[in-house]
1. Give the peptides 158-167, 134-143 in descending order of average Cβ contacts within 10 Å, highest first.
2. Restricting the count to DSSP beta bridges whose residues both fall in segment 238-341, what percent are antiparallel, rounded to a multiple of 5?
3. Give, rounded to the nearest 20 debye, the magnitude of the charge dipole that the chain has about its Cα centre when Lys and Arg contribute +1 at Cβ and Asp and Glu contribute -1 at Cβ.
4. Residues in segment 187-202 near a label at Glu164, defined as backbone nitrogen under 16 Å from the 7 Å Cα→Cβ point?
5. Say R0 is 56 Å: what FRET efficiency, to the nearest 0.05, do Glu285 and Glu313 get from their beta-carbon distance?
6. Toward the positive end of the charge dipole of segment 211-293, about the Cα centre and with charges on Cβ (Lys, Arg +1; Asp, Glu -1), which of Met227, Ala275, Val290 goes farthest?
7. What distance in nm separates the simple spin-label points at Glu329 and Glu236, each placed 7 Å from Cα in the Cβ direction?
8. Compute, for segment 188-334, the length of the dipole vector about the Cα centre, with Cβ point charges of +1 (Lys, Arg) and -1 (Asp, Glu) only. Units Debye, rounded to 20.
Amino acid sequence: MFLKRAYGIVIIGILLALVLMFMMFGSGLFTEMEETTQVERENRIVVGVSQLGSESGFRTANTESVQNAFTQQNGYFLIYNNARQRQENQLKAIRSFISQRVDYIIFSPVVETGWETVLQEAKEAGVPVILMDRSVDVEDESLYVTCVGSNFVEEGEKAGHWLEKELQKQGHTQEPVNIVVLAGTEGSSSQIGRTEGFDAVAGGHDNWNILEQKCAEFTSTRGKEVMRGFLRKYPEIDVVVSQNDDMTFGAIEAIRESGRTVGVDGDIMIISFDAVESALEMVAEGTINVDIECNPNQGEYLLQVIDMLEAGEPVEKQYYVEEDVFTMENVTKEVLDERSY
Ligand code: GYE
């Protein structure tokens, strides 16, 4: 009996010693980690990045370009958050960056509206905000320093002008042209701009019938589902305008499942956006008629902007990345070999 009691006392003593040690060193360990992080931060420019999600090949490349730019070797400490397509997650991330007193906030707004309050909080905290890829719709443009992205209206116009030329080449300028549109995330500047640009060109052609524009969230799954619906609803579709390659991949699957064909020699012409490598391979083989490039490699541009800000130099309100239009004629082996995304 006595031995049992002694054994219990020893066990309790060991446990108490362990708890005491942890309290002494364990917190020290966390403090040490915080201090390490603090030291890492102190010698570097701290950038908080709120990425809207990982919905597409473009987004993956966009994220990689930012992570490859803001490295510790380049003098930066990157805090990255993936909002998984939810604006509330971006709002939380931006508020967290403000409370962590980062030096800059970079974010790609999932939609254009709903940012005034959080951007005002960043401004009052003295944290400069830089937009990446997409933009925001705010009254007070001083709420962000600059936007590095694409001219989405121009991208939409490029798609429209390509279709004009293609139909002229085919002598198809009078007969009805039935068009369906797979639109990106509702209210995103890429969806708004591409729609505006294409519609502006389409408005000049009485024989172009835009049968329906429907959101497919920039994903291949939704692109396939929405295209299936279009195929059931519209017996005659001549052109699909798909606002990104991921939706295009899904749409092509749906069209082929229906027994129809796509591309240069097909029943249905495919106009796509982004020009990721796997889509350009489909352009080269004639499956996609034209791909309007949307360049995700914005990390280097963002790096230059912050370097200018750090040097006290003025920056423009908007920087557009360089972009091309790809068809079978210019998707060469070299283009594919050199493709970084
Ligand atoms: O086209 C799409 C991504 O905002 C330009 O978002 C970007 C778009 C791009 O989901 O692939």
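Just so it is clear, none of the values below were taken in a lab; they were calculated from the coordinates. Because the structure is a prediction, the values reported are computed rather than measured. Methodologically, a virtual Cβ is constructed for each residue, glycine included, from the backbone with ideal geometry; neighbour enumeration extends over all protein chains shown.
1. The most tightly packed comes first, giving 158-167, 134-143.
2. Rounded to the nearest five, the antiparallel share is 20 percent.
3. For the chain, the charge dipole is close to 2000 debye.
4. Within reach of a label on Glu164, which here means backbone N under 16 Å from a point 7 Å along Cα→Cβ, segment 187-202 contributes 196-202.
5. The pair Glu285/Glu313 has a calculated efficiency of 0.75.
6. The residue sitting farthest along the positive end of the dipole is Met227.
7. 2.9
8. Result for segment 188-334 is approximately 880 debye, rounded to the nearest 20.
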